[in-house]
Amino acid sequence: SVSRTSEIQEVRLKLPVVAEEQKIMEAVHNNNLVVVYGATGSGKTTQVPQFLFEAGYGSPNSPTPGMIGVTQPRRVAAVSMAKRVGDEMGDHGKRVAYQIRFEGTVGTQTAIKFMTDGVLLREVAQDIALRKYSAIIIDEAHERSVNTDILIGMLSRVVKLREEMATEDPSVKPLKLIIMSATLRITDFTQNTTLFSTPPPVLQAEGRQYPVTVHFARKTHHDYVEEAFRKISKGHKKLPPGGFLVFLTGQNEITQLSKRLRDAFRIGQAATGPSVRISGNDAPIETEDIDFGDTIDDNNDDYDDEDEVDINLDDADFDVGEEADTGPTKMHVLPLYSLLPTREQLKVFEPPPDGSRLVILATNVAETSLTIPGIRYVFDCGRSKERKYDRTTGVQSFEVGWISKASASQRAGRAGRTGPGHCYRLYSSAVYERDFPEFAEPEILRMPIEGVVLQLKAMNLQHVVNFPFPTPPDRQSLASSEKLLTYLSAISPTGQITSTGVTMSIFPLSPRFARILLVGHLYDCLPYTIALVAGLSAADIFIPENQVIPAAVPKEEDEYLTNAERVEEDLRQGIRRKFNKVQKDFCFLDDKSDAIKLLQVVGEFAHEPTEAWCQAHYVRFKVLKEILQLRRQITDLLRTNITAFAGLKYQEKLDPPSAKQVKALKQMAAAGFIDHIAIRADLSPNPPETRRKPTRAIDVPYLTLFPSHIKRDDDDKAVYIHPSSPLAHISPQECPEYIVYSYLQRATPAAATPEKIPKTRMHALTDIT
Ligand code: ADP
Ligand code: MG
């Protein structure tokens with residue numbers, strides 16, 4: 001048995017899930033599949049794995065042999081929850097480990113293994129019976145990430161398989177599957193008979209949730225960061241002690257607000273932590289929070305209910321009776337988002353310095369995965385940044401949009417864990433009622449799924465439609481994924497996986513990049529191709545211009561700058577010049593190819609893999625370090641899986657490729673994107689009429705060769721070069737005839753006005769000659 005400190009024991013006993021231990025474990029003994037529902041903070045993630053451990057799961061020689069696996073949709077959660085559970089288990093703490101993509105602590109002693117759902121998916125592909133495990137907990141199932149959905153589908157079959165194996169061989173034990181959710185929106189699992197023929201028991205741990213008073217804003221402001229600043233400032237002065245949790249949509253906003261608060265409240269650098277470092281160098285790649293730095297122009301979202309100017313904030317909201325004005329005077333501001341290094345993230349769990357108020361500026365990482373102690377007030381901007389994907393056009397976008405009502409209620413709930421709380425919504429109840437959907441759409445309906453389809457086919461599932469998806473993707477996205485996989489020679493025209501497809505599925509890469517890899521050995525290019533695809537699969541190497549260069553001092557045309565402002569302006573110009581030079585230097589091998597530029601960054605970094613180099617070159621250190629690891633991993637996989645490459649050695653430091661190799665690399669890159677080619681519009685068979693000759697490369701129209709069915713109100717079927725591409729800096733006359741793009745992107749339609757309909761932009765990959 002586990003001996004825990006009295007402090008830990010006291011905290012545990014207050015958790016609603018602990019009160020249900022007996023019921024939960026009884027259900028687990030009697031069923032191989034159980035669903036546990038409990039509000040965020042009720043103790044699911046930290047306690048249920050320990051119940052299993054104490055009941056004898058998790059050891060190789062116990063009656064039910066094998067580890068307890070716990071999946072998380074986010075790396076942050078996998079690492080921090082492993083640490084927390086380890087701490088709680090006292091003398092058995094060493095038996096808790098985690099595994100995320102390139103990093104882990106798992107050993108022979110491990111009984112409880114926290115991992116990202118992607119890690120477990122790969123393991124299922126290797127051993128469909130998951131013999132290493134006695135129990136699997138799928139956590140945060142309500143978030144409906146693609147990986148979680150696919151895992152649940154697969155595990156429904158693994159559970160059956162293990163039952164069958166157990167009846168034939170008594171040394172094999174059934175696998176216990178526990179699905180945990182923070183909301184009751186679990187009918188997609190429980191009522192789905194293709195998934196589970198009999199509905200699993202649902203155990204509820206009623207959270208002892210204190211009442212949370214929700215305050216809607218009278219008016220919904222466009223500039224919600226500024227509005228958050230005003231409400232936080234006011235709230236900090238007025239409200240009794242208690243932590244603030246502020247929900248924003250991304251790293252940019254968090255940095256901005258953190259700076260505003262620091263300036264206003266004269267908080268020292270140390271107190272604000274690394275949020276003020278604009279470089280964000282230590283960033284791991286996290287798909288859920290990739291900050292593309294696209295400034296989304298929502299100035300046109302005209303959702304005001306009243307057009308009064310309310311300088312006077314809703315004072316009544318902060319009227320909390322006798323306790324008013326008893327709060328601390330200092331502020332302890334901490335950021336919390338996925339790209340933040342883990343050690344910085346873990347700071348939110350530490351108590352703030354005496355006499356100061358904890359203020360956490362978070363993305364929706366804090367919505368359900370992490371429970372932060374001591375939060376009494378929530379400030380909710382009501383928005384989040386999400387990947388959107390247009391199934392018919394293939395156009396992707398990262399859009400800031402309204403969250404669902406379910407999410408809003410999750411966010412508000414964060415204020416009521418330790419006592420009665422308050423949630424200040426930075427939007428009006430009218431907007432909430434009118435514009436907020438009940439629930440968010442499962443991610444599988446919002447993403448390209450060719451990777452999923454390839455993985456399923458590689459596991460011998462020829463008809464992917466028959467897979468027990470909790471929410472099946474629509475037939476159109478399945479069909480277009482199969483079409484793409486056919487182009488990539490991964491499947492035959494009849495939908496069967498080919499030997500190329502099998503090989504492609506071995507690599508932790510999207511099918512397009514895996515394809516590039518497999519054509520990449522011509523002209524001794526393989527080491528470069530490996531570096532290139534490793535770089536391509538990390539979306540977020542470059543720190544976007546708007547995060548590097550400070551905003552200009554806003555001035556009317558006839559206004560003069562003060563001396564201080566002039567100094568600031570000179571500084572800004574200096575940074576801009578340096579930024580532009582760095583970008584230009586990366587293009588010295590080739591000035592028309594994003595792919596070759598990327599390869600240059602990856603290559604130069606290997607020669608000087610330091611944080612200082614990254615800082616000076618406006619690229620992300622942690623991402624580049626991961627690319628190095630991925631290069632090594634891909635090399636190993638090539639060597640061990642393809643006989644022709646049995647002698648392949650890993651070369652970290654490469655000489656620049658020759659001109660011939662550069663040309664070959666561009667063609668290879670195109671091999672993964674043969675359906676993503678655009679022709680300069682004036683060269684197409686029926687060129688569109690142009691009113692004016694474009695003066696900049698980014699205004700030169702292109703047409704996609706494969707129809708991309710772009711539905712537009714203004715009939716502009718053309719696509720244009722994205723301003724972040726090296727191609728944006730050449731003259732319109734030099735614009736290549738053909739461009740291979742990685743994906744198309746368009747600013748949110750909500751931001752469109754009749755005068756300014758946003759252009760569809762190509763994230764260019766390379767020209768082809
Ligand atoms: P759930 O998974 O149901 O949302 P958790 O098991 O994550 O709940 O959290 C249960 C409780 O444990 C929380 O209310 C929180 O107070 C506490 N807790 C979780 N992680 C930590 C941590 N790293 N440090 C301190 N307390 C924590
Ligand atoms: Mg949890």
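Out of all the residues in the range 23-46, which are within 14 Å of ligand 2 (Cβ to nearest atom) and more than 14 Å from D139 (Cα to Cα)?
none
What's the total number of residues in the range 1-20 that are surrounded by 19 or more Cβ atoms within 10 Å (Cβ to Cβ) and either more than 16 Å from ligand 2 (Cβ to nearest atom) or polar (S, T, N, Q) (or both)?
Here the count works out to 1.
Applying the selection to the range 6-26, what residues are in a helix (DSSP H, G or I), in contact (Cβ under 8 Å) with a residue 24 or more places away in the chain and either touching a helix residue (DSSP H, G or I) at 6+ places or on another chain (Cβ under 9 Å) or more than 11 Å from F51 (Cβ to Cβ) (or both)?
I8, R12, P16, V17, V18, A19, E21, I24, M25
Taking the stated definitions as given, is D127 free of Cβ contacts under 8 Å to residues at least 40 places away in the same chain and among the charged types (D, E, K, R)?
Against the criterion (free of Cβ contacts under 8 Å to residues at least 40 places away in the same chain and among the charged types (D, E, K, R)), D127 qualifies.
Run down M89, M81, M115 and say which single residue is hydrophobic (A, V, I, L, M, F, W, C) and in contact with a Gly (Cβ under 7 Å, 6 or more places away or on another chain).
Matching residue, one of M89, M81, M115: M115.
For V70, work out the one condition from (1) in a helix (DSSP H, G or I); (2) touching a residue at least 40 places away in the same chain (Cβ under 8 Å); (3) not basic (K, R) it doesn't fulfil.
All conditions are met except number (1).
Among G355, G374, G401, which is within 30 Å of H676 (Cα to Cα) and at pLDDT 85 or above?
Every option except G401 fails the conditions.
Quick one: in the range 400-417, which of the residues that are in contact with a Phe, Trp or Tyr (Cβ under 9 Å, 6 or more places away or on another chain) and farther than 12 Å from L245 by Cβ is farthest from ligand 1 (Cβ to nearest atom)?
Once the filter is applied, the top-ranked residue is W402.
Among the residues that make up the range 163-182, is at least one of them over 16 Å from I136 (Cα atoms) and within 29 Å of the chain's Cα centre (by Cα)?
yes
Here's the yes/no breakdown for (1) closer than 17 Å to G421 by Cβ; (2) under 19 Å from the mean Cα position of the chain (by Cα); (3) modelled with pLDDT under 60:
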site: D282; (1), (2), (3): no, yes, yes
site: I290; (1), (2), (3): no, yes, yes
site: N299; (1), (2), (3): no, no, yes
site: Y303; (1), (2), (3): no, no, yes
site: E306; (1), (2), (3): no, no, yes
site: H332; (1), (2), (3): no, no, no
site: L346; (1), (2), (3): no, yes, no
site: T368; (1), (2), (3): yes, yes, no
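Can you tell me how many residues in the range 524-546 are assigned to a helix (DSSP H, G or I), crowded, with 18+ Cβ neighbours inside 10 Å and out of contact with any Phe, Trp or Tyr (no Cβ under 8 Å at 6 or more places or on another chain)?
Looking only at that region, the number is 8.
Condition check: part of a helix (DSSP H, G or I), within 16 Å of ligand 2 (Cβ to nearest atom) and within 30 Å of D169 (Cα to Cα). Does F114 satisfy that?
It is false that F114 is part of a helix (DSSP H, G or I), within 16 Å of ligand 2 (Cβ to nearest atom) and within 30 Å of D169 (Cα to Cα).
Residues checked against (1) surrounded by fewer than 23 Cβ atoms within 10 Å (Cβ to Cβ); (2) within 25 Å of Y224 (Cα to Cα); (3) within 16 Å of ligand 1 (Cβ to nearest atom); (4) among the acidic types (D, E):
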position: C423; (1), (2), (3), (4): no, yes, no, no
position: R434; (1), (2), (3), (4): yes, yes, no, no
position: E438; (1), (2), (3), (4): yes, yes, no, yes
position: P442; (1), (2), (3), (4): yes, no, no, no
position: M447; (1), (2), (3), (4): yes, no, no, no
position: P468; (1), (2), (3), (4): yes, no, no, no
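So, of the residues in the range 43-67 that are touching a Ser or Thr at 6+ places or on another chain (Cβ under 7 Å) and either without any contact (Cβ under 8 Å) to a residue 60 or more places away in the chain or aliphatic (A, V, I, L, M) (or both), which turns out to be surrounded by the most Cβ atoms within 10 Å (Cβ to Cβ)?
M67
Take K234 and tell me if it is among the basic types (K, R) and under 27 Å from the mean Cα position of the chain (by Cα).
Here the answer is no, as K234 does not meet what is asked.
Residues being polar (S, T, N, Q) and within 19 Å of the chain's Cα centre (by Cα): count how many of those fall in the range 93-110.
Of the residues in the range 93-110, 1 are polar (S, T, N, Q) and within 19 Å of the chain's Cα centre (by Cα).
What are the pairs, 6+ residues apart or on separate chains, where a residue within the range 353-377 that is more than 22 Å from E143 (Cα to Cα) and of a type outside the set (A, V, I, L, M) has its Cβ under 6 Å from a residue that is at pLDDT below 90 and more than 13 Å from ligand 1 (Cβ to nearest atom)?
Within 6 Å, the pairs are G355/P328; G355/K330; S356/P328; S356/K330; R357/P328.
For the subset of the range 146-191 comprising residues that are touching a residue at least 12 places away in the same chain (Cβ under 8 Å) and basic (K, R), which member is nearest to ligand 2 (Cβ to nearest atom)?
R185
Test of understanding: among T213, T198, T220, T194, which residue is part of a strand (DSSP E or B) and away from ligand 2 (no atom under 16 Å from the Cβ)?
That would be T213, the only listed residue that is part of a strand (DSSP E or B) and away from ligand 2 (no atom under 16 Å from the Cβ).
Given the residues A718, A751, which is the only one that is out of contact with any Asp or Glu (no Cβ under 6 Å at 6 or more places or on another chain), modelled with pLDDT under 95 and among the small types (G, A, S)?
Going through A718, A751 in turn, just one is out of contact with any Asp or Glu (no Cβ under 6 Å at 6 or more places or on another chain), modelled with pLDDT under 95 and among the small types (G, A, S): A718.
So in the range 473-493, with the set limited to residues that are part of a helix (DSSP H, G or I) and in contact with a Lys or Arg (Cβ under 7 Å, 6 or more places away or on another chain), which one is nearest to N147 (Cα to Cα)?
So, considering only residues that are part of a helix (DSSP H, G or I) and in contact with a Lys or Arg (Cβ under 7 Å, 6 or more places away or on another chain), the one nearest to N147 (Cα to Cα) is S477.
Of all residues being among the basic types (K, R) and within 11 Å of ligand 2 (Cβ to nearest atom) in the range 65-89, which is nearest to L121 (Cα to Cα)? Just the residue, please.
That would be R74.
Residues checked against (1) part of a helix (DSSP H, G or I); (2) in contact with a His (Cβ under 7 Å, 6 or more places away or on another chain); (3) away from ligand 2 (no atom under 16 Å from the Cβ); (4) closer than 21 Å to I372 by Cβ:
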{"position": "V48", "(1), (2), (3), (4)": "yes, no, no, yes"}
{"position": "P63", "(1), (2), (3), (4)": "no, no, yes, no"}
{"position": "Q99", "(1), (2), (3), (4)": "no, no, yes, no"}
{"position": "E123", "(1), (2), (3), (4)": "yes, no, yes, no"}
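Which numbered condition trips up A479, out of (1) within 16 Å of ligand 2 (Cβ to nearest atom); (2) more than 30 Å from H332 (Cβ to Cβ)?
Of (1) within 16 Å of ligand 2 (Cβ to nearest atom); (2) more than 30 Å from H332 (Cβ to Cβ), only one is false for A479: (1).
Filter the range 343-370 down to residues that are within 9 Å of ligand 1 (Cβ to nearest atom), crowded, with 21+ Cβ neighbours inside 10 Å and either in a loop (DSSP other than H, G, I, E, B) or hydroxyl-bearing (S, T, Y) (or both), then give me how many there are.
Number of matching residues: 3.
If we keep just the residues of the range 433-459 that are in contact with a Leu (Cβ under 9 Å, 6 or more places away or on another chain) and part of a loop (DSSP other than H, G, I, E, B), which is nearest to I152 (Cα to Cα)?
Going through the qualifying residues, I end up with I449.
Is it true that S510 is modelled with pLDDT under 95, surrounded by fewer than 22 Cβ atoms within 10 Å (Cβ to Cβ) and in contact with a Gly (Cβ under 7 Å, 6 or more places away or on another chain)?
yes
Of everything in the range 165-196 that's among the β-branched types (V, I, T) and exposed (fewer than 15 other Cβ atoms within 10 Å of the Cβ), which residue is farthest from ligand 1 (Cβ to nearest atom)?
Once the filter is applied, the top-ranked residue is T167.
The values are calculated or read from the model by the stated rules, or taken from the named source; none is laboratory data. Remember, predicted model here, so these are calculated numbers, not experimental data. Ideal geometry is used to build each Cβ from the backbone, glycine not excepted, and the neighbour counts take in all protein chains shown.
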